[in-house]
1. Under a crude label model (7 Å from the Cα following the beta-carbon direction), how far is Ala12 from Trp208 in nanometres?
2. Between Ser94 and Lys174, what is the label-to-label distance in nm when each label sits 7 Å out along the Cα-to-Cβ direction?
3. Net charge around Ile9, counting only other residues with Cβ within less than 13 Å of its Cβ (Lys, Arg = +1; Asp, Glu = -1)?
4. What number comes out for the charge environment of Ala151, summing +1 per Lys or Arg and -1 per Asp or Glu over other residues with Cβ under 14 Å away?
5. Just to verify a number: what accessible area does Trp183 come out at with the full protein assembly present, 1.4 Å probe, Å² rounded to tens?
Amino acid sequence: MPDIAYYLIGVAIGLATSAPAGPVNLTAIQRTFRFGFPAGLFAGLGAVVADSIYASLAAFGITTVSDFIEFHSDLIQTGGGMLVIIFGLKVFTSHPHIEKNGAGETPNILRGLAAGFFMTLTNPGVILGFLAIFGSLGKWAPDHKDYASAALMVAGVASGATLWWMFLAGSVSKLRDRLDDHWLEMINHIAGGLLIAFGLGIYGHLAWQLWQQGA
């Protein structure tokens, strides 16, 4: 198979794994509304870094780390759920403001990058999802020890994910200028509430798993 095919498959995987609604998407939307395009994009890029790490584990067949993550899934989900809830509470209680002359608040780009990174990194479903996707590629997957093709596929995943976050932040930023503080605060309440719901859902899933194991 041509090398470019591995890259394009990776792009498709990156788009498919980034687009579904989740905590990072909500965070990117909220930060774009509050601070503008760069802040939303960097929140997404944090997720791209974590996605690339997990995609590398799947593409290069590094099972030791993925097995460790799967074995400690409950502990990782506990930390991830708490992180999402805390961030959701912060978003919900914040009071955004954009000056009418266009001079808005100064965003903390690194904070957004870190939020996207850790929300993705502490989600065991991401690594398990990548393992499932790469495991189902069959003849479309790189041959064992074909590290160059595996690297191309991982680069494609990062590119596809980045394209999604650019599209999302760009689309949302076009609406930003039409909104006032009231709308921005309402968006924060919706995004924060959904983030808290995601975090509580993680704990609900953990409780269900424990109940199933004890049944």
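The values are calculated or read from the model by the stated rules, or taken from the named source; none is laboratory data. Being a predicted model, the structure only gives us computed values, none of them experimental. Every residue, glycine as well, gets a Cβ built from its backbone with ideal geometry; the counts of neighbours run over all protein chains shown. All accessible areas refer to the heavy atoms of the entire protein, side chains included, with ligands and DNA or RNA removed. Shrake-Rupley method; radii C 1.70, N 1.55, O 1.52, S 1.80 Å.
1. 3.0 nm
2. With each label point 7 Å from Cα toward Cβ, the separation is 2.4 nm.
3. Once positives and negatives cancel, what remains is 0.
4. Here the charged neighbours net out to -2.
5. Number for this one is 120 Å².
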